[in-house]
Amino acid sequence: MPTRRELIKAGIYGSTALLGLTGPRLDIWALKDGGSNGGFGGSPRVAPFQVDLPIPTVKTPVPLASLPGAPVFNDGQPTDYYSSTEQVALQQILPGQKTLVWTYDGTYPGPTYTPRLNRRIVIRQTNHLPANTVVHQHGGHTQAASDGSAFPDEEIPVGGFRDYIYDNDSDVGAFLWYHDHTLDFTGHNVFMGLSGLFLLGSDSIDALNLPSGPFDIALVFQDRTFDANNQLVYNPFDHDGFLGDTFLVNGAVQPRLRVGNRKYKFRTLNGSNARFYEISLSSGRPFQIIGSDGGCLRAPFETTSYRLAPAERVEIVVDFSFYAPGPNTHVFLNNTMIQTSGRGPDGVDPTQPTPLVRFDVLDSVADNSTVPAILETGLPTFNPAASVITREFDFVRSQGAWQVNNRFFDPNRVDAKVKLNTTEIWKLKNGGGGWFHPIHIHRNEFYILDRNGIPPVGPEAGLKDVFVLNPGDEVRVITSYTGAKQLGKYVFHCHNIEHEDMRMMGRFDVVL
Ligand code: C2O
Ligand code: CU
Ligand code: CU
């Protein structure tokens with residue numbers, strides 16, 4: 001089976017002429033435009049703020065007896081079981097139209113999991129989609145066999161299922177997510193809808209008295225394009241990085257949200273393939289950043305805007321008590337990042353905001369929540385002096401794609417062997433050429449030691465699992481590879497998913 005990269009080079013990727021010759025992995029393109037871009041000329045225009053922000057449903061456990069053959073544990077750790085089906089669905093995204101999406105459980109985005117720290121869950125994922133898939137829980141401290149790390153031997157075959165075990169034994173609770181991770185096809189599969197939220201709760205977060213319940217809302221930013229028939233259209237030849245022309249939040253085009261004049265916690269996720277965002281409020285008012293990829297910060301960080309690269313998460317608290325409730329009180333959550341190519345963002349332009357969500361401040365509501373001066377007290381510390389090795393990885397443009405240390409990803413080649421229970425520093429460099437690479441490392445949350453020699457501030461000072469290598473950047477990160485259950489093969493890669501699919505990825509094994 002040729003790789004995606006080889007097919008693109010040959011100029012035949014996505015061609016229906018390949019049907020029947022290349023097996024099921026390529027047949028999926030025939031479901032859509034059967035060619036380069038199907039005559040795509042721009043998505044149908046949709047008026048913003050016509051629909052309410054969708055809130056994905058929260059999954060509830062199922063009895064173990066309903067999952068024949070599911071793993072059973074005798075270690076005294078509590079386990080909750082869930083069942084999910086990957087399936088196509090017709091969903092209304094554009095007004096009055098049905099769009100075919102790929103889903104977990106029939107909805108895009110998929111349902112939300114709300115596990116608790118140190119309480120294991122098992123999810124049976126049944127694949128009723130027309131192609132093999134892999135499910136990855138992004139940010140989790142997950143056993144290798146359940147990590148969904150783009151290895152072909154981890155694929156769920158069409159019609160089959162796989163039981164994913166999540167120990168949830170990270171150091172702290174965090175705002176995580178899950179998405180498809182099929183080797184060479186992640187970009188297409190995520191674009192078609194395969195992503196959802198994984199909110200790892202903890203007692204220490206609950207004890208903070210932050211806005212919670214209906215005042216704790218996740219916002220997933222994704223850009224999409226639609227053809228004249230209102231169907232999602234993905235261009236498999238555009239491997240620089242997919243950019244859509246329509247902004248969705250939680251699967252709806254620029255929705256509105258009715259809020260009260262109080263504090264809200266918003267968990268913001270950039271679920272886009274290649275688009276960067278710069279998030280701010282139309283009022284220009286500051287807000288508090290309270291969390292990064294891997295959990296709450298040690299202390300809140302006040303700002304008026306922040307950058308959100310693909311796969312990054314930032315949790316914020318916005319206080320609407322500064323606005324008088326009323327039918328005309330609208331506050332917009334804006335994106336001011338200009339981006340015209342998959343290469344990376346062009347820059348921030350505050351004079352050209354794209355509203356992502358309109359908050360309608362309509363209600364007078366009491367507010368007992370607080371943003372304490374000290375947030376997460378359970379954060380780990382990693383000592384640079386304890387590091388047993390400094391590894392170097394160079395992310396460079398090469399051979400019409402991007403490589404790590406001059407090599408494309410080979411699932412059978414181990415690029416780094418990490419010893420269990422050791423601390424390592426990784427130095428990651430961007431070869432430049434104008435390319436931005438949001439780098440993601442599986443298995444462990446880490447800290448950024450420095451970016452071009454400068455220690456991080458704000459959300460970059462918290463636990464991270466994705467960080468941007470701007471053109472020419474050199475970033476050092478540190479983590480400790482604890483967790484005897486988490487042995488085996490993992491990956492790290494660019495989370496511009498098109499770069500990932502072109503195999504800008506490496507494999508590391510955690511070994512005894
Ligand atoms: Cu969010 Cu390896 O992925
Ligand atoms: Cu991941
Ligand atoms: Cu990249």
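The values are calculated or read from the model by the stated rules, or taken from the named source; none is laboratory data. What you see is a predicted model; the values in this text were computed from it and never measured. So basically every Cβ, Gly included, is an ideal-geometry build from the backbone, and we count neighbours across all protein chains shown.
Miscellaneous remarks
- Considering ILE454, ILE441, ILE448, ILE478, the condition of being within 16 Å of ligand 1 (Cβ to nearest atom), under 23 Å from GLY291 (Cβ atoms) and either buried (at least 18 other Cβ atoms within 10 Å of the Cβ) or over 17 Å from the mean Cα position of the chain (by Cα) (or both) is satisfied by ILE441 alone.
- Criterion applied to SER212, SER146 was being within 13 Å of ligand 2 (Cβ to nearest atom) and either at pLDDT 95 or above or crowded, with 24+ Cβ neighbours inside 10 Å (or both), and the one residue passing it is SER146.
- Condition broken by ILE165, with the remaining ones in (1) among the β-branched types (Val, Ile, Thr); (2) farther than 26 Å from PRO380 by Cβ; (3) assigned to a strand (DSSP E or B) satisfied: (2)
- For the stretch 125-135, filtering for residues that are in contact (Cβ under 8 Å) with a residue 60 or more places away in the chain and either within 16 Å of ligand 1 (Cβ to nearest atom) or in a strand (DSSP E or B) (or both) leaves 1.
- Checking each residue in the stretch 164-182 for being more than 14 Å from ligand 2 (Cβ to nearest atom) and either within 13 Å of THR133 (Cα to Cα) or under 17 Å from the mean Cα position of the chain (by Cα) (or both) picks out only GLY173.
- Residue tally, condition surrounded by fewer than 14 Cβ atoms within 10 Å (Cβ to Cβ), of a type in the set (A, V, I, L, M, F, W, C) and closer than 14 Å to GLY251 by Cβ, over the stretch 73-98: 1
- The stretch 457-475 - residue that is of a type outside the set (A, V, I, L, M, F, W, C) and surrounded by fewer than 23 Cβ atoms within 10 Å (Cβ to Cβ) and, of those, farthest from ligand 1 (Cβ to nearest atom): GLY472
- Close Cβ contacts (under 6 Å, 6 or more residues apart or on different chains) running from residues in the stretch 321-346 that are on the phi > 0 side of the Ramachandran plot to residues that are in a loop (DSSP other than H, G, I, E, B) and surrounded by 13 or more Cβ atoms within 10 Å (Cβ to Cβ) comprise GLY344/PHE436.
- Conditions (1) within 16 Å of ligand 3 (Cβ to nearest atom); (2) in contact (Cβ under 8 Å) with a residue 60 or more places away in the chain; (3) under 30 Å from VAL220 (Cα atoms): number failed by GLY400: (3)
- The stretch 432-461, residues that are in contact (Cβ under 8 Å) with a residue 40 or more places away in the chain and either more than 16 Å from ligand 2 (Cβ to nearest atom) or touching a helix residue (DSSP H, G or I) at 6+ places or on another chain (Cβ under 7 Å) (or both): GLY432, GLY434, TRP435, PHE436, HIS437, TYR447, LEU449, VAL457, GLY458, PRO459, GLU460, ALA461
- Residues in the stretch 93-108 that are among the hydrophobic types (A, V, I, L, M, F, W, C), over 13 Å from ASN189 (Cβ atoms) and not in a loop (DSSP other than H, G, I, E, B): LEU100 only.
- Matching residues in the stretch 328-352 - criterion: being in a strand (DSSP E or B), crowded, with 17+ Cβ neighbours inside 10 Å and either at pLDDT below 95 or small (Gly, Ala, Ser) (or both): GLY344
- Where a residue in the stretch 181-200 is under 13 Å from ALA218 (Cβ atoms) and its partner, wherever it lies, is basic (Lys, Arg) and part of a strand (DSSP E or B), with Cβ under 9 Å and at least six apart: LEU197/ARG267; LEU199/ARG267; LEU200/ARG116
- Number of positions in the stretch 481-496 that are of a type in the set (S, T, N, Q) and within 16 Å of ligand 1 (Cβ to nearest atom): 2
- Failed item in (1) modelled with pLDDT of 95 or more; (2) surrounded by 16 or more Cβ atoms within 10 Å (Cβ to Cβ); (3) within 25 Å of the chain's Cα centre (by Cα), with ALA70 passing the rest: (3)
- Any hit, the stretch 176-192, residues being part of a loop (DSSP other than H, G, I, E, B), of a type in the set (Ser, Thr, Tyr) and touching a helix residue (DSSP H, G or I) at 6+ places or on another chain (Cβ under 6 Å): yes
- Of all residues making up the stretch 70-92, the number that are touching a residue at least 12 places away in the same chain (Cβ under 8 Å) and not in a strand (DSSP E or B): 5
- Condition check for ARG397: out of contact with any Leu (no Cβ under 6 Å at 6 or more places or on another chain), surrounded by 13 or more Cβ atoms within 10 Å (Cβ to Cβ) and at pLDDT below 95: yes
- Segments classed as strands (runs of 3 or more DSSP E), wholly inside the stretch 411-512, with at least 1 members that are more than 16 Å from ligand 3 (Cβ to nearest atom): 416-419, 423-430, 447-451, 474-480, 488-494, 505-511
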